[in-house]
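K.L.:
My questions all concern the structure below.
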Amino acid sequence: MGWFTKLLKGSSRGHHGRYRDARISDNHSAGELTDIEKEEIDRAIALSLSVEDVKGKKVVEDDSQSEDDLQLCEIDEEEDEYIGKVQQEEDDQLVKIQQDKDEHFGEIQLEEDEQLARAIQESLRIGSPLSNAGSLFQPFPHLFPPVYRTCAGCNAEIGNGRFLSCAGGVWHPECFRCQACNLPITDYEFSMSGNHRYHKSCYKELHHPKCDVCMNFIPPNSAGLIEYRAHPFWLQKYCPSHERDGTPRCCSCEKMESRDTKYLLLDDGRKLCLECLDSAIMDTHECQPLYLEIQEFYEGLNMKIEQQVPMLLVERQALNEAMEGEKNGHHHLAETRGLCLSEEQTITTILKRPKIGAGYRIIDMITEPYKLIRRCEVTAILVLYGLPRLLTGSILAHEMMHAWLRLKGYGNLRPEVEEGICQVLAHMWLDSEIYSVSGNEATSSSSSSSSSSPSASCSSSKKGKRSDFEKKLGEFFKHQIESDSSSAYGEGFRQGNQAVLKYGLRSTLDHIQMTGSFPY
């Protein structure tokens, strides 16, 4: 194949390739080639062209193209190839630099977040959470980038300092404060009420009920529930155990007395709180003005009692003995406080107001026997001593209605009717007293503002100025009558009061006299 090599090196017209200046060897001229050699040459040229095409080099089909144009094409191809390589190297370098930056930034951010989490956990002594309490920290707190971390308390940016992630936001530690004491909450546990946060101790102080007797938090019962007793009117809360441990209860307002409160111990065993003692009536003589006021109240209703009926204040024992001796007895409350007598008896009345000795006990009580002689259907009205003025007055109004019914010949009425209408009169008197006190205070206030003279400012009721507690006490006695659960006193009052409100007092009394029942 030496001839073939020479031929590829020396051909100058059949194909313009890279080897342009070679000559044909002297041993073989173009005319001397055989047919077989010519076929091999053609095959070699075709193979060369296909190889050049695969490599991406330009194949020149125009035999007339100049050698200069071929050189320019080869230079352009080399320059494009070099520029492509340089551009690729620059792109690779930029990608590598960007990857290095991202990796470095990620390492810095991760290290910052780990330091923040570690500082929070170490500084606040994280313990185990309770199930029912809020928690200052989550096991894996959500850490925001500094630019987005805004305090939910002061709305200022937190930055990279310490912060709390809880209650749906992030906080400066000093901004996460108790709603009650306004001090920062630094404990791991806290309490929530609505949107307000509290120290657990502050929440307990505000919402856990305290006993009004022992002043301690009311303990839970065996079932884990907080159980306490509450007065229906005064809303006083106390531990159930105080109903069995001898805790004193006022015989007038029925409030349970706290352990550090003093009270008056009456000689018949009753206990009277000092607030009720302030207006208490202690002897018969002291009660006479009030008795006259009740008589005037009845006269204002056109129900004047013509006979003079004695009124006596007595001890509990004397009242019980008189009630046992009364043949025509009536249905009385569990604690009898008044009695309208119609039989001749001898009872013991309190002649002079007793003194209060050491330990708030009654001493030097002076009594005397009183012979009751029957001159009419009523011999006397007895009232328990030591009760506040408004309670004493309501008892007098009740018992005087018994006297009026007997003296007016209202026969033997059923307990629901007689006790019910008597309670209606007691309730009406209490209403008049509360209304008159309010009216007198309003008159006194307007008079004192319009005149500076002492007489104008003293135009108050002859009963004297009422304290706030006494006003409240009057409402309590009305509440007692209205909420009584007994059939005679409670249901009887409600039926009688409904009849009086609908038909009036006089028409109701006339209906009772004719039918022995309330009108409907």
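The values are calculated or read from the model by the stated rules, or taken from the named source; none is laboratory data. Predicted, not measured: the structure shown is a model, and the values here were computed from it. With ideal geometry, Cβ positions are generated from the backbone for all residues, glycine too; neighbour counts draw on all protein chains shown. Just so you know, the surface numbers come from the protein's heavy atoms only, side chains and all, with ligands and any DNA or RNA stripped out. Shrake-Rupley method; radii C 1.70, N 1.55, O 1.52, S 1.80 Å.
K.L.:
For TYR228, which of the numbered conditions (1) of a type in the set (Phe, Trp, Tyr); (2) open to solvent by less than 70 Å² (accessible area, probe 1.4 Å); (3) over 30 Å from ILE366 (Cα atoms); (4) not assigned by the TED database to the domain that holds CYS181 fails to hold?
P.N.:
(2)
K.L.:
For segment 231-248, give me each residue that is under 14 Å from PRO209 (Cα atoms), open to solvent by 50 Å² or more (accessible area, probe 1.4 Å) and part of a loop (DSSP other than H, G, I, E, B).
P.N.:
Passing the criteria: only LEU235.
K.L.:
Take the residues in segment 250-270 that are among the polar types (S, T, N, Q) and open to solvent by 10 Å² or more (accessible area, probe 1.4 Å); name whichever of them is farthest from VAL213 (Cα to Cα). Quick ask: steps written out before the conclusion?
P.N.:
To start, the set of residues in segment 250-270 that are among the polar types (S, T, N, Q) comprises 252, 258, 261.
Within this subset, residues satisfying the condition of being open to solvent by 10 Å² or more (accessible area, probe 1.4 Å) are 258, 261.
Working: SER258: 4, THR261: 9 Å.
Ranking the candidates gives THR261 first.
K.L.:
What number goes with the only condition from (1) open to solvent by 10 Å² or more (accessible area, probe 1.4 Å); (2) modelled with pLDDT of 75 or more; (3) outside any helix (DSSP H, G or I) that MET303 does not pass?
P.N.:
All conditions are met except number (1).
K.L.:
A further question follows. Just the residues that are modelled with pLDDT of 90 or more and surrounded by fewer than 12 Cβ atoms within 10 Å (Cβ to Cβ), please, taken from segment 440-482.
P.N.:
none
K.L.:
Can you pull out the residues in segment 187-199 that are part of a loop (DSSP other than H, G, I, E, B) and at pLDDT 80 or above?
P.N.:
HIS199
K.L.:
Looking at segment 215-224, is at least one residue closer than 30 Å to VAL383 by Cβ and in contact with a helix residue (DSSP H, G or I) (Cβ under 9 Å, 6 or more places away or on another chain)?
P.N.:
Looking for residues that are closer than 30 Å to VAL383 by Cβ and in contact with a helix residue (DSSP H, G or I) (Cβ under 9 Å, 6 or more places away or on another chain), one finds none in segment 215-224, hence no.
K.L.:
Do you know which of the residues in segment 271-296 that are touching a residue at least 12 places away in the same chain (Cβ under 8 Å) and aliphatic (A, V, I, L, M) is most open to solvent (accessible area, probe 1.4 Å)?
P.N.:
LEU274
K.L.:
Something else: Of the conditions (1) closer than 30 Å to LEU509 by Cα; (2) in contact with a Leu (Cβ under 9 Å, 6 or more places away or on another chain), CYS276 satisfies every one except a single condition; which number is it?
P.N.:
(1)
K.L.:
May I ask you to verify whether VAL424 is more than 27 Å from ASP268 (Cα to Cα) and touching a residue at least 24 places away in the same chain (Cβ under 8 Å)? If you could, list the steps in order and put the result at the bottom.
P.N.:
Values: more than 27 Å from ASP268 (Cα to Cα): yes; touching a residue at least 24 places away in the same chain (Cβ under 8 Å): yes.
It is true that VAL424 is more than 27 Å from ASP268 (Cα to Cα) and touching a residue at least 24 places away in the same chain (Cβ under 8 Å).
K.L.:
Run ARG337 past the list (1) modelled with pLDDT of 70 or more; (2) over 25 Å from TRP404 (Cβ atoms); (3) under 47 Å from the mean Cα position of the chain (by Cα) and report the number of the one that doesn't hold.
P.N.:
(2)
K.L.:
Within segment 153-174, restricting attention to residues that are part of a loop (DSSP other than H, G, I, E, B) and within 23 Å of the chain's Cα centre (by Cα), which residue is modelled with the highest pLDDT?
P.N.:
GLY153
K.L.:
List every residue pair whose Cβ atoms sit under 9 Å apart, with the two residues 6 or more apart in sequence or on different chains, where the first one lies in segment 390-404 and is over 23 Å from GLN513 (Cβ atoms) and the second, anywhere, is basic (Lys, Arg) and open to solvent by 10 Å² or more (accessible area, probe 1.4 Å).
P.N.:
If the second residue must be basic (Lys, Arg) and open to solvent by 10 Å² or more (accessible area, probe 1.4 Å), the pairs left are LEU390/ARG466; LEU391/ARG337; THR392/ARG337; SER394/LYS478; ILE395/ARG337.
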